[in-house]
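Structure first, then comments.
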Amino acid sequence: MKGGFRQSQAFLHTWSGLLLGWVLFLVFVTGTVAFWREGLNRYMRPELARVERPMAVLAGAQRFLGEKAPAAKSWSISLADARSPGAQVFWAPQPKKGEARGRRRGRRDTQALIDADGQVAHARDTRGGDFFYRFHFDLHYMPVIWARWLVGVASLMMLVAILSGIVTHKKIFRDFFTLRRHKGQRSWLDGHNATAVLALPFHLMITYTGLVTLMALLMPWAVVANYSDPAKLSDTLFPSAPAVERTGRPAPLVDLTTLVADAERRWGAPAGYLEVSEPGDAAARVTVSRSPASMLSSRTPRFAYDGVTGRPVWASAPPGGAAETAGAMIGIHAGRYADPLLRWLYFLAGVAGTLMVASGLVLWTVKRREKLPDPARPHFGFRLVERLNVTVIAGFPLGVACLFWANRLLPVEMKGRAQWEIHVLFLAWGAAAVLALVRRPTLVWPALLGATGMLLGLLPAYNLFAFPAGGLASLGVGDPLPAGVDATMLAFAAGYVAVALRVVRHRPPVRARTRRGSAPLRDVPAEMAA
Amino acid sequence: MTGWRRSGDMALRVVAAVPLGYAVGSVWAMALARLLPLAAAEASVTGQLVAFAICAAAAMWAFAASSGWRATWTLLLIGGAAAAMAWTSMAGGGRL
């Protein structure tokens, strides 16, 4: 290609970034929010008290399941901790004849949340932070496999955009310390560079490890090369104790808390997850997994116990080097191991990544506006990008703000409430898209950004009145979570309002002025050439 | 280059970068899975872990090469070499 390596990579950077930038923006926003998944699970169920005694919750879960599904095929319990709203339990009924196993997973009538007192939680029905986690790779309203391919292709594009972006930069180190404000295109470029370079190791890490989380889907060929049945690889990578057959002889299930205590003593670390096969039968077996919050790798070790005597019967073998590397990469991506300080760094780096994607998308239009033959009537492609930018960058966060409000305002007894919270997000986003279509972007940008800021800013105020026991009051009893979420909302509200005001005050440079000011743009380096 | 030649060259680079880039990453992942002196599971996972870097490098090369044709045939050659190694090894049997 004419102009050498750097120019070719600048071209690649621009177009790979633009094509899937909008998907990447959604993935970045929801992934960043999902670093607070557990915290939001609790924040969005303000009725629930903080879990103080996880073992009492587990005992309550065993009691509940014993009454609700005494002869189930299996139970699973995710253990509670101070961050989570309680213990999430699932049960799988005995399969009917001819019914495929595993078909019932995720059904809402076979799950429950056990609260801090060990009772079935009476809280509003919500997906909580789990929504952001799932949307991050499954999107919504579409088959998850399509969504994962779309997100996977976008991630590969992202990897290419990052690598070609690095090549494009002559002065990567100087760019990092350069922010020329109020300079139009130059400022957008500086902002894009600053957010990209500042957290560059994070962006590279999160993109590559994100691909690794989807590699079974995206890169099955390495498996096909060695296995005629890929399930055999799964059995090696995720070993489980040999399956048990129901004997039909009833036998009481061992006290699960004693098994968890035993496993935790052996690991010297907390357990996170528990599975019971054939509860109430003489063949019952319990598998305890170590908490992913206690270790880097996502491949958590497991112990299996006899469900009647409580004797340990099986331990997972330590994974091999490659499997452990993959597990560590997935662990680093999800950040479950991160303590609060590190979690904040993850979150802030995610915000930087979101700004990087957004500023890159805006830069595409800023750069081309100057060169338009008639800026008053831009060509179709330009208008499409411009309006998609408004719709996605300003519209989606508005939808997220509306989701948080729907979580507060939808009637608690509403049917399908959890789904409606999510529908509200998409309804608001759809309205934003219509607005972006029919009105000038100079009007819609500040309108949407300002509305998002107002909604986020008013939510903590509403919480103060609606849930006097949460928020500030919870600080008094040493529980910073609800107040922390509210304070973060306020900070983002201030940011959104400030940006909206800047956009309102912005006067686009008059043509004559830009011509005068275009001299320094002429000698700009290669990254502008595309 | 004239307008049409230029568009054709660009289209060829896009094909070289996206479907061909993915294919090159995939066949190298297969070759690594077959030829690394590791247990099958370990070699397969290593191939998967490395594949995305190969895909990205192939996409960058598709645009860095002096022409779209050059990008295409070099990638075909690099991918073909891996495909030959993987195929030879798999023809010898030993899949689980």
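In which sequence would A:Arg285, A:Arg505 go, from the one with the fewest C-beta neighbours within 10 Å to the one with the most?
By the 10 Å Cβ count, ascending, the order reads A:Arg505, A:Arg285.
Relative contact order (percent) for region B:3-90, with alpha-carbon contacts under 8 angstrom and 6 or more residues of separation?
For region B:3-90, the relative contact order is 42 percent.
Sticking with the crude label model, points 7 Å out along Cα→Cβ, report the distance from A:Phe382 to A:Ala466 in nm, one decimal please.
The modelled label-to-label distance comes out at 4.4 nm.
Most exposed first by the Cβ proxy, i.e. fewest other Cβ within 10 Å, how do A:Glu370, A:Glu38 rank?
So the residues, fewest neighbours to most, are A:Glu370, A:Glu38.
Among the complete DSSP H segments of chain B, which ones combine at least 30 Å of alpha-carbon extent along their axis with a mean Kyte-Doolittle hydropathy of 1.0 or more?
Qualifying helices: B:40-64.
Report the relative contact order of chain A, percent, no decimals, based on alpha-carbon pairs under 8 angstrom and at least 6 residues apart.
Taking the mean separation of contacting Cα pairs over the length of chain A, I get 17 percent.
Would you mind getting the Kirkwood hydrodynamic radius of region A:416-465 from its Cα pairs, rounded to one decimal in Å?
12.4
How many angstrom lie between the Cα centre of region A:211-281 and the Cα centre of region A:442-499?
So the separation of the two Cα centres works out to 41 Å.
Taking 8 Å as the Cα distance limit and 6 or more residues as the minimum spacing, I'd like the relative contact order of region A:339-485 as a percentage.
With pairs under 8 Å counted, the relative contact order is 20 percent.
Among A:His136, A:His379, which comes first, then next, by fewest other beta-carbon atoms within 10 Å?
Result, fewest neighbours first: A:His379, A:His136.
So how strong a dipole does region A:371-489 carry about its Cα centre when Lys and Arg Cβ are +1 and Asp and Glu Cβ are -1, to the nearest 20 debye?
Dipole about the Cα centre, nearest 20: 560 debye.
In the P(r) worked out for region B:3-90, what percent of Cα pairs fall beyond 18 Å?
For region B:3-90, the fraction of Cα-Cα distances above 18 Å is 44 percent.
Assuming R0 = 30 Å, can you tell me the calculated FRET efficiency for the pair A:Arg502 and A:Leu204, based on Cβ-Cβ distance, to the nearest 0.05?
0.50
Would you work out which of A:Leu156, A:Ala123, A:Pro54 lies farthest towards the positive end of the dipole of region A:1-159, given +1 charges on the beta-carbon of Lys and Arg and -1 on that of Asp and Glu, about the Cα centre?
A:Leu156
Please find, in a Gaussian network model of chain B (springs between Cα atoms separated by less than 10 Å), the residue of B:Ala82, B:Ala33, B:Ala64 whose mean-square fluctuation is greatest.
Its mean-square fluctuation being the largest, the pick is B:Ala64.
Report the charge-dipole magnitude of region A:306-465 in Debye, nearest 20, computed about the Cα centre from +1 at each Lys and Arg Cβ and -1 at each Asp and Glu Cβ.
So the dipole magnitude of region A:306-465 works out to roughly 660 debye.
Span-like helices, chain A: DSSP H, alpha-carbon axial extent 27 Å or more, mean Kyte-Doolittle 1.6 or greater, which ones?
Helix filter hits for chain A: A:144-168.
State to the nearest 20 debye the size of the charge dipole of the protein assembly as shown about its Cα centre, where the only charges are +1 on K and R beta carbons and -1 on D and E beta carbons.
Result for the protein assembly as shown is approximately 2640 debye, rounded to the nearest 20.
Could you work out which residue, out of B:Ala39, B:Ala71, B:Ala81, moves most in a Gaussian network model of chain B, that is, has the largest mean-square fluctuation with Cα springs under 10 Å?
B:Ala39
Given a cut-off of 38 Å, what percent of all Cα-Cα pairs of the protein assembly as shown lie beyond it?
Taking all Cα-Cα pairs of the protein assembly as shown, the fraction more than 38 Å apart is 41 percent.
Can you tally the net charge around A:Gly210? Count Lys and Arg as +1, Asp and Glu as -1, for every other residue whose Cβ sits under 15 Å from the Cβ of A:Gly210.
+2
So for the pair A:Leu443, A:Ser234, with labels modelled 7 Å out along Cα→Cβ, what separation do we get in nm?
5.3
Contour minus end-to-end for A:Glu264 and A:Arg249, with contour as 0.36 nm per residue of separation and end-to-end as the Cα-Cα distance?
So the chain would gain 2.4 nm between A:Glu264 and A:Arg249.
Read-outs: derived from the displayed coordinates by stated rules, not from any lab. The shown structure was predicted, so the numbers you read here are calculated from the model rather than taken from an experiment. Note that each Cβ is placed from the backbone with ideal geometry, even for glycine, and that neighbours are counted across all protein chains shown.
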